């Protein structure tokens, strides 16, 4: 029964409390011989880090990852890779054990476990996601170079990006601190968030993730469809309250005639439908996959008796976390896909 | 690696192709001594059945379930329960192996598996969900009587229910063939669907599911939160393109001050937030859980070179399927919850 | 939590009580396109069948397998294959619910489950192994032709085979009804068992299984070594009380100098040791694997207040069951091995 | 697909190479509120440690465990517990990458993974078992006080203990450095091993493990019998080549009349058989469980071109490892057992 382990052929196990000795990840199932250094982890970890701009929390962590196992001479061994990040900036005196924050995990965890690390949420802290980012970076190393996974801010509060470039990479997304590629909307979001930060208010938002470059055939029937494993992965992130394939809520009201596209029959592109957003029958169709992840408004500081350190909107910093979970799912399915392909090779030999 | 198996302590394995000899389900992990007869399965199976009203497809199936194992003298044995439904109305001549239907699984399955049962979608047919309903009924028998899981039509096409009674059970939901409890909206939906059926058009929609009566404490940390296991379960249903906890898409644009509610501090209801829709930190908070499941518009008959048999909107018939997947998840978490409780008993002895 | 499911990439789920409607197996993970007919299952099922010679029980079953799913036009679909065998010769009146047979599962099952199918052991009956044989035959179809898995009677009672041909296949093993290839010892066993049958006495024994033709590299580190997955598989068979790699009990008393063989260094066969019996560091070394499975003496009829139908020694009929479990393990590891190989292909592309 | 993870409700994941930065264990599924300090781990870790007497290797490790997560204020949190042991005495210059040791994992790992940590066996080193001992100690804390798991040296080389006290605890076992409780035989073993050490020879042996104090009802049907999960666990230890329930090899030659015991019928002890060694139908019968674990002779130093550091017989130091694997299995089944019991509570409420 996996509680803190995610994945199938590729498995991420996370551990650590936000104010305990360390956060960590064990990644198992990584093939041998893949180049890996601890510095490879820094880019995405830095994108997730608190304190990276004036619209994020002030808590600063150095977050230097240490590889404890699974790597030898800067290449993976095929054995489990354990990476830890020792916790440093842990102001545990800020927290009060007898105080339940409304809408947080405090009360339900206490009810469930009886004994709780109340300091900063313990394991229910957003800091747990650092382990996911470690897993995500390693997962991406398993994927072919042709595959790219890029998340961006689609909406924060009332501001929704409309003018989004067809081609996006992480560098381009990072051009604005909001990670919204519609720069006009980005500016509006930025102003709104600075205002929120000052007033102690907060905003929810949507991250859109594009997965490009997958071959046709990823995803297994029925209970391991690409779409439900993605939903499982993304919905397991703390503040996430929804996952949709493409703009599902908008498509409900469409006529089937308008919604459905693609050509039936038997030609080379027969049966492929752009409206499917990359997934048909649970299986990748070789086109771009678009997934939207919905975040509820972050906790408001007015809501807290003791001042913690929080972002007015978690969305910009959550992008590498969403990308990481998507990468773990995609790499796992990719390994399953290779398994199928290798059977073909065997059968035709 | 579970492809056709869902769940953890309670496991549903489904098998069967829509035009093969039978559909089936193996349910493992059911405690011994629970009363079970094959007739117990009929209510929910009938609600899922095609041909039940003028707004559904004409394909009629008798769907008589046969229990092959796991039950003795009308009580469960604690061993795996296999239930099969033999396929009868299988007009396989309606289907053409060389024709890929756009937006369907046809092309991707062919690409993935090479060999495909093209008759009516084979295993990717909606008929696969009969196995899920069997599992769901049995899962509900594990749950305490106080727990109720009720799904209803929240929206179809442009018509969204607004006036929804606080108390709903399945009988009340079934008062209208659309299963929309806002009867005015239900009528509008009905008219729209009859019109769609005539024109070969189709509609998407939203099923809202209420889970009531759960104690505080269901759900495991991090990767087995109640919310992501629900998302996983519901998103694995064929036409589902989104899952949200409560009305997530509407909440994005709210101020954190408006969104967050509940009382912080240390009283008896401290930390419980109505805005959480029943799940905090991934764990049930003892209040109603509200989950929305988004269905894309069904395939349109204009889109098909050969006439199959399809519903203009799958939502009304999908309600027992959604309830069943929710029941499987809930019963699974309930067993985990009991496990925790039994540890407490042991420790205090 | 798998209770009635075995395996990883290839999974066998079994269901059925000996005197219920049917025994069955669901095999998931089988690649698409493999030729399979229900008649393919008959050879091994017949070798397991009761009533096949004068040294086995008289209970006769027809055991005709029916494929319910996963096969279309005599080829696998890549979807779960369900095979059932309907129970016929079920003389349930022979059994008394209030009578616990000593050394059987009767008492412990009753204690555990409260409600028990007492007729012939229900699910704890040896008849459960028919599902394993179905799984085993299908598993063998996944393995390359070069792989062979052959079990034979190594010992029954005091009679131990010494003169065993280097080359053995199932036909040759079946030349004697005892399935002991040392024909002189076979005759002694036969006489002993006929005498046992008359007196109601019974014998234990050892099945030796040879797995030939595996490439080097099957088995995963630490908790999925080839040796412990084989032990897990074989020890899960009802009457089995021990599993050893090669003649382990005899090797204990050897000097390390005498036991260890093979050449250290760096040549083509360097590091390979015949004493390893095919498994080094948990991984296949490309040589013959030899596994011994120890069966306790079967229940004695003097021990039963009501006459059931039992073999004086289960070993000859258990051979296809042991082969089947070995085939399931081997095929599972073979799929993992192919997965590794496919990664190599990808990396070198 | 679990490669480096063992268990079901209670899961141990191990990581670490013998000459890498650290060995480690993540234990998940441990209930909250159990007292745990890093010093609790020292007793069993010390019993496993090299260099503890003149009959073991000289390699000395300090083996100080550090708890990185899952414990707060010296009590478990119900979250994953990560414990690491940093590697110190790592003389990697003793090892030659181009040299395959016969009978070791060197060659097969190289073949399988391509890239290998050749220093001291890397992950295939016996040092990996330190992670298992960490898991075992924590597992024992989950078990009721009434349960005891005691392993001892039953045989080394030709010397087999016959005079074994009915009551044994670890202290008594440790009275002799060989951990053989038949002190006369212990002396003979000691002499033999000192002689082996001088000559570079080695011995195999048998560890007998007694599990006392379990209630009736542990073990799940068919594929999670107590006996096969024990065999799986014990056979996964490096040098183990066999596992038997009781003295299985000796029992083969017995008459069924002599072997079978216990009383059939319906009284309070009806159906319980001492010959079952504690397991009937795969389920604990409330009596002592006896499991024998067979170790092949350790590598001989004459066999190595470069002098490493090895024990003449691994058995005495392997006892805490065997106990730990048995504890993990037993605690896992105990949690399943409690789950069943809690269902009963619910049903009768």
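According to the Cα gyration tensor, what semi-axes, each the square root of 5 times an eigenvalue, does the equivalent ellipsoid of the stretch C:192-252 have, listed from largest to smallest in whole Å? Mind dumping the intermediate values first?
Numbers: eigenvalues 196, 33, 28 Å².
They are 31, 13, 12 Å, listed from largest to smallest.
Which whole-angstrom value gives the distance between the alpha carbon centres of the stretch C:202-234 and the stretch A:219-298?
43
Give me the one-decimal nm value for the distance between modelled label points at residue A:257 and residue A:38, 7 Å along each residue's Cα-to-Cβ direction.
For residue A:257 paired with residue A:38, the spin-label model returns 6.4 nm.
How many nm separate the modelled label positions at residue A:191 and residue C:146, each set 7 Å beyond the Cα in the direction of the Cβ?
It works out to 7.1 nm between the two label points.
Over all directions, the average projected area of the alpha-carbon convex hull for the stretch C:5-346 comes to how many nm²? Don't skip to the end; give the middle numbers.
Values: hull surface 76.9 nm².
For the stretch C:5-346, averaging the hull's shadow over all directions gives 19.2 nm².
For peptide C:202-209, compute the average count of partner chain beta-carbon atoms within 10 Å of each residue's beta-carbon. Please list the in-between numbers first.
On the way: counts 6, 6, 9, 2, 3, 0, 0, 0.
Partner Cβ neighbours, averaged per residue: 3.
Between the stretch C:166-180 and the stretch D:7-51, what is the separation of their alpha carbon centroids in Å?
Each part's Cα centre sits 48 Å from the other's.
For every helix of n ≥ 4 consecutive DSSP H residues, a contribution of -39,500 (n - 2.57) applies; sum these over the protein assembly as shown, divide by its total residues, and give [θ] at 222 nm rounded to the nearest 500 deg cm²/dmol.
Numbers: 36 runs with 408 residues, N = 1396.
One gets -9000 deg cm²/dmol as the mean residue ellipticity at 222 nm.
Which residue, A:75, A:177, A:227, tops the fluctuation ranking in a GNM of chain A built on C-alpha contacts under 10 Å?
Between A:75, A:177, A:227, it is A:75 that shows the largest mean-square fluctuation.
Taking R0 as 35 Å, what's the FRET efficiency between residue B:46 and residue C:75 from their Cβ-Cβ distance, rounded to 0.05? Intermediate values should be presented prior to the final figure.
Values: r = 35 Å, r/R0 = 1.00.
Calculated value: 0.50.
Going by how many other Cβ atoms sit within 10 Å of their own, how do B:182, C:43 line up, fewest first?
On the way: B:182 21, C:43 12.
If I rank by nearby Cβ atoms, fewest first, I get C:43, B:182.
Given springs between every Cα pair under 10 Å in a Gaussian network model of chain B, which of B:320, B:97, B:21 has the largest fluctuation?
B:97
Please order D:134, C:289 by the number of other Cβ within 10 Å, starting at the fewest.
Numbers: D:134 30, C:289 24.
Lowest count first: C:289, D:134.
Over the stretch B:5-346, what is the mean sequence separation of C-alpha contacts under 8 Å (at least six apart), divided by residue count, expressed as relative contact order in percent?
On the way: 669 pairs, mean separation 76.7, N = 342.
Relative contact order here is 22 percent.
Give me the percent of Cα-Cα pairs in the stretch B:138-231 that sit more than 19 Å apart, rounded to a whole number.
Values: 2278 of 4371 pairs.
When all Cα pairs of the stretch B:138-231 are counted, 52 percent exceed 19 Å.
Springs between alpha-carbon atoms under 10 Å, Gaussian network over chain B: tell me which of B:216, B:45, B:335 tops the mean-square fluctuations.
B:216
Take every residue in peptide C:21-32, count the Cβ atoms of other chains within 10 Å of its Cβ, and give the average of those counts. Don't jump to the answer; show the numbers that get you there.
Working: counts 7, 6, 3, 8, 1, 10, 1, 10, 6, 1, 10, 10.
Whole-number average of other-chain Cβ neighbours for C:21-32 is 6.
Other chains' Cβ within 10 Å of D:154-166 residues: what's the mean? Mind dumping the intermediate values first?
Working: counts 1, 3, 2, 5, 4, 1, 2, 0, 0, 0, 0, 0, 0.
Whole-number average of other-chain Cβ neighbours for D:154-166 is 1.
Would you mind listing the distances between the residue D:141 label point and the same position in each other copy? Use 7 Å along Cα-to-C-beta, nm, one decimal, shortest first.
3.3, 4.0, 5.0
Copy-to-copy spacing for residue C:213, label 7 Å out on the Cα-to-C-beta vector, in nm, shortest first?
Going from nearest to farthest copy, the values are 4.1, 5.1, 5.7 nm.
Starting from a label point 7 Å past Cα on the Cβ side, list the distances from residue A:74 to the same position in the other copies, nm, shortest first.
Going from nearest to farthest copy, the values are 4.6, 5.8, 7.3 nm.
Above 21 angstrom, tally the Cα pairs of the stretch C:63-159 and express them as a % of all pairs, no decimals.
Numbers: 2668 of 4656 pairs.
Every Cα pair in the stretch C:63-159 considered, those over 21 Å come to 57 percent.
Show me A:112-119, C:65-72 ranked by packing, highest mean number of other Cβ atoms within 10 Å first. Walk me through the intermediate numbers first.
Details: A:112-119: 21.4, C:65-72: 22.9.
So the peptides A:112-119, C:65-72, ranked by packing, come out C:65-72, A:112-119.
Which Rg and Dmax, in Å, describe the Cα atoms of the protein assembly as shown?
My reading of the Cα-based Rg and Dmax gives 30.9, 94 Å.
In whole Å, largest first, what are the principal axis extents of the Cα atoms in the stretch B:1-144?
50, 40, 24
May I ask for log10 I(q)/I(0) of the stretch A:168-212 at q = 0.23 Å⁻¹, from a Debye sum over the Cα atoms as equal point scatterers with solvent left out?
-0.85
Can you tell me the relative contact order of the stretch A:1-77? Whole percent, Cα pairs under 8 Å, sequence separation 6 or more.
On the way: 81 pairs, mean separation 19.7, N = 77.
Relative contact order here is 26 percent.
Apply 1/(1 + (r/R0)^6) to the Cβ-Cβ distance of residue D:288 and residue B:96, taking R0 = 41 Å, and write down the FRET efficiency to the nearest 0.05. All intermediate terms of the calculation are to be shown ahead of the outcome.
Numbers: r = 67 Å, r/R0 = 1.63.
According to the calculation, E is roughly 0.05.
We did not get these values from a lab; they are worked out from the coordinates using the rules stated. Treat the numbers as computed from the prediction; the structure is a model and nothing was measured. Cβ atoms come from the backbone with ideal geometry, glycine included; neighbour counts cover every protein chain shown.
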